[in-house]
Amino acid sequence: MPLPYYVSPEQMMKDKAEYARKGIARGRSIVTLEYRDGILLVAENPSSLLHKVSEIYDRIAFAGVGKYNEFDSLRRAGVRHADLKGYAYAREDVDARSLANAYAQTLGQVFTHEMKPFEVEILVAELGSDSAGDQLFHILYDGTVMDEEDHTVLGGEAETIAQRLNQALSDPRDLGGALGAATTALAGPERTLTANDLEVAVLARSNGRRAFRRILDEELAGLLSG
């Protein structure tokens, strides 16, 4: 009787991590950054139907890169989690931290116990009453949670794009300036991204309780040309 094939746990985790990173790298990146009135989310996404950035709850947004069906299933689970908690307790009790922890547990469980890990990186962003209360939680394919400050980049070329973003950012930071910096960072020196190449949304304090809003068409083109 042949002996079963053995792979050490360390090698198995390494192979899973490499597999997930390769899957994520095939997708286009997302830049998220704080600006004067809230949080801006910019994704390189030519599709008008398959959204990478979405609303989760009143002042909470979700962004995902990697395999679309996997991060969209996580988004839908987050909406259900938020709705049930808000209904059972109060709307104010729904927060990004608990959502990020729930996502981390799910991704960590899949990464550890399933043969195939999720090929995703996700972000949960929450708008505070002022800039000091804004929160950005970046969750990796293995359930690692990072509490980011001011800005973060998701995707395969995150380090390179983050370097370009740091060079392009300036203060004070209005919406147009923040969008210009994010677009420049995503495009790089050899490309130009237009409104048709981007998916853009904001969590804005001026929007009231439902803080999430997509920036579309003529408004987006105007901001990019301004």
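The values are calculated or read from the model by the stated rules, or taken from the named source; none is laboratory data. Values in this document were obtained by computation on a predicted structure and should not be read as measured data. Neighbour counts are summed over all protein chains in view; Cβ atoms, including those assigned to glycine, are modelled from backbone coordinates with ideal geometry.
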Check the stretch 65-86 and report whether any residue there is under 16 Å from Arg209 (Cα atoms), assigned to a strand (DSSP E or B), touching a residue at least 60 places away in the same chain (Cβ under 8 Å) and touching a helix residue (DSSP H, G or I) at 6+ places or on another chain (Cβ under 8 Å).
no
What are the pairs, 6+ residues apart or on separate chains, where a residue within the stretch 124-149 that is over 16 Å from Tyr57 (Cα atoms) has its Cβ under 7 Å from a residue that is among the aromatic types (Phe, Trp, Tyr)?
Ile139/Tyr103; Tyr141/Phe111; Tyr141/Phe118; Asp142/Phe111; Gly143/Phe111; Val145/Phe137; Asp147/Phe137
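Residues are listed down the side, and each one gets a yes or a no for (1) within 15 Å of the chain's Cα centre (by Cα); (2) polar (S, T, N, Q); (3) over 26 Å from Gly38 (Cβ atoms):
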site: Gly66; (1), (2), (3): yes, no, no
site: Arg76; (1), (2), (3): yes, no, no
site: Arg91; (1), (2), (3): no, no, no
site: Gly108; (1), (2), (3): no, no, yes
site: Thr112; (1), (2), (3): no, yes, yes
Would you pick out the residues in the stretch 113-123 that are closer than 15 Å to Ala61 by Cα and among the β-branched types (Val, Ile, Thr)?
Ile122
When you look at Thr183, is it in contact with a Leu (Cβ under 8 Å, 6 or more places away or on another chain) and polar (S, T, N, Q), yes or no?
yes
For the stretch 114-130: of the residues being crowded, with 18+ Cβ neighbours inside 10 Å and in a loop (DSSP other than H, G, I, E, B), which is farthest from the chain's Cα centre (by Cα)?
Pro117
Condition check for Ala158: buried (at least 17 other Cβ atoms within 10 Å of the Cβ) and modelled with pLDDT of 95 or more
no
Examine the stretch 79-92 for a residue that is of a type in the set (A, V, I, L, M, F, W, C), at pLDDT 95 or above and within 30 Å of Ala187 (Cβ to Cβ), and state whether such a residue exists.
no
Scan the stretch 87-110 for residues that are assigned to a loop (DSSP other than H, G, I, E, B) and charged (D, E, K, R) and jot them down.
Asp95
